[in-house]
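Let me begin by presenting the structure, written as structure tokens, before commenting on it.
The values are calculated or read from the model by the stated rules, or taken from the named source; none is laboratory data. Please read all numbers here as calculations on a predicted model, not as lab measurements. Reconstructed Cβ throughout: ideal geometry from the backbone, glycine too, with neighbour counts over all protein chains shown. These accessible areas exclude ligands, DNA and RNA; they are computed on the full protein's heavy atoms, side chains included. Shrake-Rupley method; radii C 1.70, N 1.55, O 1.52, S 1.80 Å.
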Amino acid sequence: MMTVNVSVFMPSVLTFIGIPGLESVQCWIGIPFCIMYLIAVIGNSLILVVIKFENSLHKPMYIFLAMLGATDIALSTCILPKMLGIFWFHLPEIYFEACLLQMWLIHSFQAIESGVLLAMALDRYVAICDPLRHATILSPQLLLYIGVGVTLRAAILVAPCLVLIKWRFKLYKATVISHSYCEHMAIVKLAAEDIRVNKIYGLFVAFAILGFDIIFITLSYAQIFITVFHLPQREARLKAFNTCIAHICVFLQFYLLAFFSFFTHRFGSHIPPYVHILLSNLYLLVPPFLNPIVYGVKTKQIRDQVLKIFLSKETS
């Protein structure tokens, strides 16, 4: 590795700190993180299996839920194994290219999850506001287009972040990442060159994806609530509202954590670094952990099929 003054020229290896200020207790922090990861993988895998093999669940709402579950498994798997390697086995190093790949995967899966939540809001909007045309509008062909669209949107918009880092930066003032995974701004701040273009593009991607999605989800639910409150029967209003509760819970916990983590990381200079990192970690781990629990509890069809699986195993 060649150095120029105090800067490093194109480092081949980067080193994670983990959670700055909490290095001595990282091994204990890894325990609840590991439990959350295992519940996320098992819970989402169970939902995927139930939806795949139960023909009555081959509907847009459950297909989008399967997309969400697959994205959650992929997202949490991108970070947890390496994170536990840092916390438990003192393996803080990562190749520079592998770090860029992890960054691209993490931010792409975050964007895909946001797109799936938008698609689920669209499904609820059509189901409640135009129920007679629900099957016609949300056809299998449209579901395929939505799945491909949210994936391509994420991959294409996030890819320039990787390219801008790889091709713009040659000199790095440090090779130690004050983080427990490869986050875009954490890598950008290592550069010893002008980082304004990278920061601006990062903000653009965040608002182009999360900002766009949250606006349209909010507008969808505003129209849904207007329609529900105009229903003549109280039972009909409760039934319609109940079909949206699980999605509202998932929507709120995902976006509240996302924006809180996003703004504290960029503008919360007075907040201790370990708070930033813990929030970032929770933002990536809590949604995959909570989503199968929320949908398992609030969605009767999913709950009944899961119980049927376990009860059939016990009787056999």
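Listing for the model above:
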item	result
Any hit, the stretch 87-104, residues being assigned to a helix (DSSP H, G or I), β-branched (Val, Ile, Thr), touching a residue at least 12 places away in the same chain (Cβ under 8 Å) and open to solvent by less than 30 Å² (accessible area, probe 1.4 Å)	no
Top-ranked residue of the stretch 267-299 - restricted to ones that are under 18 Å from Pro32 (Cα atoms) and of a type in the set (Ser, Thr, Tyr), ranked as surrounded by the most Cβ atoms within 10 Å (Cβ to Cβ)	Ser280
Filter result for Ala208 (under 21 Å from Leu105 (Cα atoms), touching a His at 6+ places or on another chain (Cβ under 9 Å) and not in a loop (DSSP other than H, G, I, E, B))	no
Matching option when the condition is closer than 21 Å to Leu68 by Cα, of a type outside the set (D, E, K, R) and free of Cβ contacts under 8 Å to residues at least 12 places away in the same chain, among Leu231, Leu256, Leu238	Leu256
Filtered residues of the stretch 1-48 (kept if at pLDDT 95 or above and among the aromatic types (Phe, Trp, Tyr))	Phe16, Trp28, Phe33, Tyr37
Out of Ile200, Ile187, sole residue that is closer than 25 Å to Leu256 by Cα, out of contact with any helix residue (DSSP H, G or I) (no Cβ under 9 Å at 6 or more places or on another chain) and of a type in the set (A, V, I, L, M, F, W, C)	Ile200
Unmet requirement for Val25, which otherwise passes all of (1) under 27 Å from Ile177 (Cα atoms); (2) open to solvent by less than 10 Å² (accessible area, probe 1.4 Å); (3) more than 20 Å from the chain's Cα centre (by Cα)	(2)
Hey, Val50 more than 18 Å from Ala186 (Cβ to Cβ), part of a helix (DSSP H, G or I), of a type in the set (A, V, I, L, M) and without any contact (Cβ under 8 Å) to a residue 12 or more places away in the chain or not	no
Selection status of Leu256, more than 22 Å from Glu23 (Cβ to Cβ) and either at pLDDT 80 or above or hydrophobic (A, V, I, L, M, F, W, C) (or both)	yes
Residue identified as out of contact with any strand residue (DSSP E or B) (no Cβ under 6 Å at 6 or more places or on another chain) and open to solvent by 30 Å² or more (accessible area, probe 1.4 Å) among Leu203, Leu210	Leu203
Filter result (hydrophobic (A, V, I, L, M, F, W, C) and either open to solvent by 50 Å² or more (accessible area, probe 1.4 Å) or over 17 Å from the mean Cα position of the chain (by Cα) (or both)) within the stretch 49-66	Val49, Val50, Ile51, Phe53, Leu57, Met61, Ile63
Selection count where residues are closer than 15 Å to Ile35 by Cα and open to solvent by 20 Å² or more (accessible area, probe 1.4 Å), scope the stretch 67-81	3
Ser114 being open to solvent by less than 30 Å² (accessible area, probe 1.4 Å), part of a helix (DSSP H, G or I), farther than 29 Å from Ile226 by Cβ and small (Gly, Ala, Ser)	no
Selection count, the stretch 213-238, where residues are at pLDDT below 90, of a type in the set (D, E, K, R) and surrounded by 13 or more Cβ atoms within 10 Å (Cβ to Cβ)	1
Pick from the stretch 127-138, criterion open to solvent by 10 Å² or more (accessible area, probe 1.4 Å) and touching a helix residue (DSSP H, G or I) at 6+ places or on another chain (Cβ under 6 Å), ranking: nearest to Cys161 (Cα to Cα)	Ile137
Residue in the stretch 177-196 that is open to solvent by 40 Å² or more (accessible area, probe 1.4 Å), closer than 30 Å to Met10 by Cα and part of a helix (DSSP H, G or I) present	yes
